[in-house]
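Have a look at the structure below before the remarks.
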Amino acid sequence: MAKLRTDWILFLCIVAMVGFGVVAVYSASSAVAELRYHVAPYYFVLRQAGWAAISFLVLMYFKRKDYRRMDSPEWAFSALGIVLALLVLVYVVDSTTHRWFKIPGVGSFQPSEFAKPALILFLSYFLSRRAHRLTDRRTLLQALLAVLMLAATVVVADLGTALVPLIMAALMFWIAGLEWRYLIRVAAIGVLLVAVAIVSKGYRVGRIIAYVDPDYSKIELIDSNGWLRSYIQRSTTVRDASYQPRQSKIAVGTGGVLGVGLMQGKQKLMFLPDAHTDFIYATVGEELGLWGSTAVIAGFLVILWRGSRLFVLARDDFGKYLALGVTLSIVLQALINMSVVLDMAPTKGFPLPMISFGGSSLLSTLTSLGMLLSVSENEG
C-alpha cells in the first residue's frame, strides 16, 4: 500500500483562506446585519463558520479517500444525475429565482454550485478513457450533450454560475488534445447559447450595456426609438447596473496600499450592495489595502501552482484530469470575480471562493479541494 503524503502547502493555504474568509465576512456583514436585516451582528459570520466546519469534514472525507475509487461510472454519472435532478427540482420549488432551497434553521442551499464538482468528476472519467479518441464524432457528441444539458439547467436560474463550468470544460478538452477546428465549433455554440441567455433577460442586457456604454450614448445612435432601454427597464429585477462597479472602485481606491483598517471600511455601510458576498474583494481592498488584496491573489496562485504540479505528477489520467478540473474551476471563478469587482468585466454575481459568504459555495469548493488533496495523498 502506498504511503499517503499530504501536500501541506496546499492544505495550509486552504485553511488560511477559509479562516481569512470568516474574518472578512464578519467585517463586511456585521453592520449590514443590524442596519438592513435587523439581526445580530454575528448572524452571518456564525453561519459561515458553521458551513466552514461542515465543509472541512467533507474535505477531510475526500482527502482521505483514494481518488481512484471515484474513477468509476457510479461516481461519474451519479454525481451528474443527482445535480441535474436537484436543478430540475429547485426550478419547481423556487418559483421566483429558481436557485434556492430554503431550509428552516439552516438557511439557503444552491444546487447549481455543485454542478462544478459533478462536471469535474464526469469529465475526468470521460477524458481518461476517451482522450485518444477526441476527434471521433460520437465521442464529442456524448461529452457535448452532457455538458450542455448541465449548463442549460444552470443557465435557467443563473448565467454566471454556468460560465465557470463551461469555460473549464472547454479548457480541459483543449489541454486533453482536442483539435482547434472542433474547439472553434464548440466555442461558437457556447457563444450563441450565452447570447440567447443574455438577450432573454432584460437585466442581463442592462449589465452588458452598463459596462460598455453606461450613458447609452452609443446605443441610442443605433436604437433611436429607445426600444432597448425600455426592454431593460421592464425587467422586474433591473437596477442601476453601473452602481455596484462604481461603489466597488471607490472602496478599492479608498484602501490604497495599507487600507483603512479591519472593520473600518465605509462602503459596506449600505453603499456597496453584496459587500459580504459577491463584492467582498472590494471590502478587503478598502480595509486591508493592496497588501490584503495581493494576499488573496497569492492564495489562489498557490492553488494554481499546486494543482498544476499534481496535473503533471499524477500517476494516471483520471488523477491528472481531476487535478486539472479542480484547479481550473477555482482559479477561473476567482479571476472572474476579481475582474468584476475591479470593473474589468460586466457585473455578474457569483462568490469569491472561500472568501465570500455562502454555504453552498464553500461546501462545493472544499469538496473539490478535497478531491485535489486526494490526488496529492496518493501521488506516491
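The residues of region 277-299 that are of a type in the set (Phe, Trp, Tyr) and not in a helix (DSSP H, G or I) amount to a single one, 279. Among the candidates 339, 360, the residue that is under 27 Å from residue 277 (Cα atoms), out of contact with any helix residue (DSSP H, G or I) (no Cβ under 7 Å at 6 or more places or on another chain) and either among the hydroxyl-bearing types (Ser, Thr, Tyr) or modelled with pLDDT under 95 (or both) is uniquely 339.
Do you know which residues across region 59-91 are among the basic types (Lys, Arg) and not in a helix (DSSP H, G or I)?
Selection gives 65 alone.
Take the conditions (1) in contact (Cβ under 8 Å) with a residue 24 or more places away in the chain; (2) exposed (fewer than 15 other Cβ atoms within 10 Å of the Cβ); (3) farther than 18 Å from residue 121 by Cα; (4) of a type in the set (A, V, I, L, M); residue 18 misses just one of them, which is (2). Here the condition is being among the hydroxyl-bearing types (Ser, Thr, Tyr), touching a Leu at 6+ places or on another chain (Cβ under 7 Å), more than 24 Å from residue 308 (Cβ to Cβ) and surrounded by 13 or more Cβ atoms within 10 Å (Cβ to Cβ); of 27, 78, it holds for 27 alone. Annotation for region 244-267: at least one member residue is of a type in the set (Ser, Thr, Tyr) and modelled with pLDDT of 80 or more.
What residue, of 330, 336, is under 18 Å from residue 119 (Cβ atoms), surrounded by fewer than 21 Cβ atoms within 10 Å (Cβ to Cβ) and not small (Gly, Ala, Ser)?
Exactly one residue qualifies, and that residue is 336.
Among the conditions (1) in contact with an Asp or Glu (Cβ under 8 Å, 6 or more places away or on another chain); (2) not assigned by TED's automatic domain parsing to the domain that holds residue 319, residue 27 misses just one, which is (2). Taken over region 32-56, the criterion of being among the small types (Gly, Ala, Ser) and surrounded by 18 or more Cβ atoms within 10 Å (Cβ to Cβ) is satisfied by 33, 52, 55.
Of the residues making up region 179-211, those that are touching a residue at least 12 places away in the same chain (Cβ under 8 Å), more than 27 Å from residue 231 (Cβ to Cβ) and more than 22 Å from the chain's Cα centre (by Cα) are 179, 182, 183.
Can you confirm whether residue 325 is crowded, with 17+ Cβ neighbours inside 10 Å, closer than 22 Å to residue 12 by Cβ and either under 22 Å from the mean Cα position of the chain (by Cα) or among the charged types (D, E, K, R) (or both)? Judged against the criteria, residue 325 is not a match. Only one entry in 323, 334 is of a type outside the set (Ser, Thr, Tyr), over 24 Å from residue 28 (Cβ atoms), in contact with a helix residue (DSSP H, G or I) (Cβ under 8 Å, 6 or more places away or on another chain) and not in a loop (DSSP other than H, G, I, E, B), namely 323. If you go through region 195-229 and keep only what is of a type in the set (A, V, I, L, M) and touching a helix residue (DSSP H, G or I) at 6+ places or on another chain (Cβ under 7 Å), you end up with 197, 198, 199, 205, 208, 209, 219, 228.
Taking region 22-31 as the range and being in contact with a helix residue (DSSP H, G or I) (Cβ under 8 Å, 6 or more places away or on another chain) and β-branched (Val, Ile, Thr) as the test, the residues that pass are 22, 25.
The values are calculated or read from the model by the stated rules, or taken from the named source; none is laboratory data. Please read these numbers as outputs of a predicted model, since none were measured by experiment. Backbone-built Cβ (ideal geometry, glycine too); neighbour counts: all protein chains shown.
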